[in-house]
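Asks: One structure coming up, written as structure tokens, with questions to follow.
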Amino acid sequence: MRITVHRALSSVVCATAALAAVIATVSPAAAFNQSAHWDIYDASGNLVEDVPLTATAGDGVTVGAAVFAEGLVPDPSAVETFTLSGATATFTSATQTDGSSCQISGTTAVCHDRVGGPESAACPFPPGLGVREGCFALGILPTEQGTVTLTASAAGDAFDPNPVTSSTTIAVSSASTAPTVTGISPDSGPTTGGTSVTITGTGFTGATAVDFGTTPATSLTVNSDTSITTTAPASSSIGAVDVTVTTPNGTSVTTSADQYAYTYRFAGFFPPVKNPPMFNKAEAGRTIPLKFSLGGDQGLNILAPGSPFVHPVDCITGAPINNATGAADGSGLTFDSATSTYTYAWKTSKAVTGTCQQVNVRLADNTDHTADFSFK
């Protein structure tokens, strides 16, 4: 990127040397009380003001630099050396607009003044300070946050033997990165939506959107750079979706940590069946209606393959006795549109007399819903 300075139409940074008053004639042996500094000038050569240079890690900057010699002709023996120190940064390019030349290597740029010829109008530095001995555009790439110090050293020559050194700083901010999602809590909810969800991660400051799959969340509150509270929207289907966060720096990349599972809205079994931890007393061999609602007609393909399942449990603790599991025989699943209720008619076996059994209705959304029975 190009350094931009407020009020400046096209900014450059100048290292000026030999800032004594302009002298019409100079003895070759004369020594000047020299100094050097960095100034910000606009395209018209007007001094704007000294301001810190800024950059972002990973983004290149271009700094214009010039060396002036008051009232003197260019000296091809003059050398300017530019060095970088502090936060990690390297020179990436050196462009000469007036016939001078530079060699760059890592954190050092060594520039030689042009050999004779008129000054180039392509070097947009302020007039009136003397002859331009060198005009350079140096590309700099900072790669870490911190402060980069850019130092210019102008060696003395036969006409102006006093070397000068000047430095300026570039404040480097951290690279802008897209947000990341590392956790969702809770990580599931009904297809009807409305569940309050907390998202954890990084880079959430300034978040403008949260999406569940391709559907925007119905609310968004940024608690901190690492936490967002949102409300899950409704979904037309069950299953897992990726929850993504969007900020001015981009959208989070999807991972297994950002998944939110849409499930059926199961609110427990209806009477006469009691829900855990209660045991239902029943007569072995009778048919038991397992009634429940999913918040509306979801079709008849709501059961997982082989569901419901049955397995024996301890009649006091409800803990499984062994790994024996069998299918719960029945007449199949029906839906009553008048009451919006599903019913599975479970036909129990006489063989379970005197035992306790747990029936598990596993739905297609991979959720399990159980009820315990004591058979006589």
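Asks: Give the accessible area for Phe212 in Å² (nearest 10); use a 1.4 Å probe, count only protein heavy atoms, and leave out ligands, DNA and RNA.
Replies: Taking all protein chains as shown, Phe212 has close to 10 Å².
Asks: How much accessible area does Val148 have with a 1.4 Å probe, in Å² rounded to the nearest 10?
Replies: 0
Asks: How many percent of DSSP beta bridges within region 217-374 run antiparallel, rounded to 5?
Replies: 90
Asks: Ratio of Rg to Rh for region 193-276, alpha carbon only, Kirkwood?
Replies: 1.10
Asks: Could you tell me what fraction of 2.2 N^0.38 Å the Cα radius of gyration of region 314-375 comes to, as a two-decimal ratio?
Replies: Normalised Rg, Cα atoms only: 1.28.
Asks: A follow-up question, please. In the full protein assembly as shown, how much of Thr247 is accessible to a 1.4 Å probe, in Å² to the nearest 10?
Replies: It works out to around 10 Å².
Asks: Once neighbouring chains are kept in place and the probe is 1.4 Å, which whole percent of the accessible area of region 241-319 is contributed by carbon and sulfur?
Replies: 56
Asks: Which one, Phe269, Ile228, Thr255, is farthest towards the positive end of the dipole of region 223-302 when Lys and Arg carry +1 and Asp and Glu -1 on their Cβ?
Replies: Positive-end residue among those listed: Phe269.
Asks: Order Asp225, Asp365, most accessible first, counting only protein heavy atoms with a 1.4 angstrom probe.
Replies: The residues order as Asp225, Asp365, largest area first.
Asks: Computed FRET efficiency, Cβ-Cβ of Ala175 and Ala319, R0 51 Å: what is it to the nearest 0.05?
Replies: E(calc), rounded to 0.05, equals 0.40.
Asks: Turning to a different aspect of this structure: Given points 7 Å out from each Cα along the Cα-Cβ axis, report the Thr165 to Thr143 separation in nanometres with one decimal.
Replies: 2.6
The values are calculated or read from the model by the stated rules, or taken from the named source; none is laboratory data. Everything numeric in this text was worked out from a predicted model, so none of it was measured. Because the Cβ atoms are built from the backbone with ideal geometry, glycine has one as well, and the counts that use them run over all protein chains shown. These area figures cover heavy atoms from the full protein model, side chains too; ligands, DNA and RNA do not enter into them. Shrake-Rupley method; radii C 1.70, N 1.55, O 1.52, S 1.80 Å.
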